[in-house]
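Working notes for the structure below.
The values are calculated or read from the model by the stated rules, or taken from the named source; none is laboratory data. Since this is a predicted model, take the numbers as computed values, not measurements. Here the Cβ is made from the backbone with ideal geometry for all residues, glycine too, and neighbour counts use every protein chain on show. These accessible areas exclude ligands, DNA and RNA; they are computed on the full protein's heavy atoms, side chains included. Shrake-Rupley method; radii C 1.70, N 1.55, O 1.52, S 1.80 Å.
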Amino acid sequence: GAVVSQHPSWVICKSGTSVKIECRSLDFQATTMFWYRQFPKQSLMLMATSNEGSKATYEQGVEKDKFLINHASLTLSTLTVTSAHPEDSSFYICSAFRGRADEQFFGPGTRLTVL
Amino acid sequence: SQQGEEDPQALSIQEGENATMNCSYKTSINNLQWYRQNSGRGLVHLILIRSNEREKHSGRLRVTLDTSKKSSSLLITASRAADTASYFCATEANQAGTALIFGKGTTLSVSS
C-alpha cells in the first residue's frame, strides 16, 4: 500500500505555455500533499503545502500566481506551471501524508523541460 | 528551506569499502529519514529513525541519530557499484503532517 503516482512522468513544452502535473494517492486518502522542486545536482526544496479543500500555502520565494495548486479531492492534487519559462525546467516531486506521523510517501517525480 | 548540511558533499570509494555520510539539522524533529536517488530518478526510501531511537539497522545500512547534537549518520557497509547515487537526509518536524525538509545531499560514487 501507500502508493503515490504522478502524471506525466516527463513533459517538454514551449516557453509561455502552461503545464499541469497531477499527484495521486492511489490507495489512501491524503489530507495533505506537498510539492517539491529539484534543480539539477541540487536537493529538494519545498514549494508548497496543499490541503484538501483549502488554499495552498506557499514557501517564501515561490510565486503562487505562477504555480497554481489545486487539491480538489483527498486523492488528487494538481500543480499547474503557468506561462512556463526555461528557468522553470526542473524535477517536480509530490508527497502525500496519510494521516499519522512517519507516513509521508513520495511520487516518482515529473521532469519538466521548457524550451 | 533546508535543515542543514550533509557531509561530505561527494564521496568516492572502491567496491567493498564502507561509506559514511553525515547529516545535521536545526530544529526539533519527530523522525529523520534517509533517501537514495539515482541520477534523474525519483526518491527511494531507505530507512527511518525516530527521535527516541539512537541506532537502526537495515541490511547493509546503519543509521545513528544524536538528537543532542542534531546530527545523524548513514553507514553503508561493503559498498557495491550499484550503491552509486545521491543520498539525502530528510527530517519531519514534531508536528505530524508537516513537510519533510531535506539536506543538501551526498553524492556517492562506488567504483569496481
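Just need a number here: residues in the range A:58-97 that are within 20 Å of B:Ala90 (Cα to Cα), in contact with a strand residue (DSSP E or B) (Cβ under 7 Å, 6 or more places away or on another chain) and either of a type in the set (Asp, Glu) or open to solvent by 20 Å² or more (accessible area, probe 1.4 Å) (or both).
2
Looking at the range B:13-107, what strands (runs of 3 or more DSSP E) fall wholly within it and have at least 2 residues that are small (Gly, Ala, Ser) and either open to solvent by 50 Å² or more (accessible area, probe 1.4 Å) or within 13 Å of another protein chain (Cβ to nearest Cβ) (or both)?
B:85-93
Looking at the range A:65-78, I want the residues that are over 16 Å from A:Gly109 (Cα atoms) and have a partner that is of a type in the set (Asp, Glu) with Cβ atoms under 7 Å, at least 6 apart or on another chain. Which pairs are those?
As it stands, the answer is A:His71/A:Glu52; A:Ser73/A:Glu52; A:Leu74/A:Glu52, since those pairs meet every condition given.
Could you please give the count of residues in the range A:13-57 that are basic (Lys, Arg), open to solvent by 60 Å² or more (accessible area, probe 1.4 Å) and either more than 9 Å from every other protein chain (Cβ to nearest Cβ) or not in a loop (DSSP other than H, G, I, E, B) (or both)?
4
Out of all the residues in the range A:88-103, is one or more more than 14 Å from chain B (Cβ to nearest Cβ), outside any loop (DSSP other than H, G, I, E, B) and closer than 18 Å to A:Thr17 by Cβ?
Within the range A:88-103, one or more residues are more than 14 Å from chain B (Cβ to nearest Cβ), outside any loop (DSSP other than H, G, I, E, B) and closer than 18 Å to A:Thr17 by Cβ.
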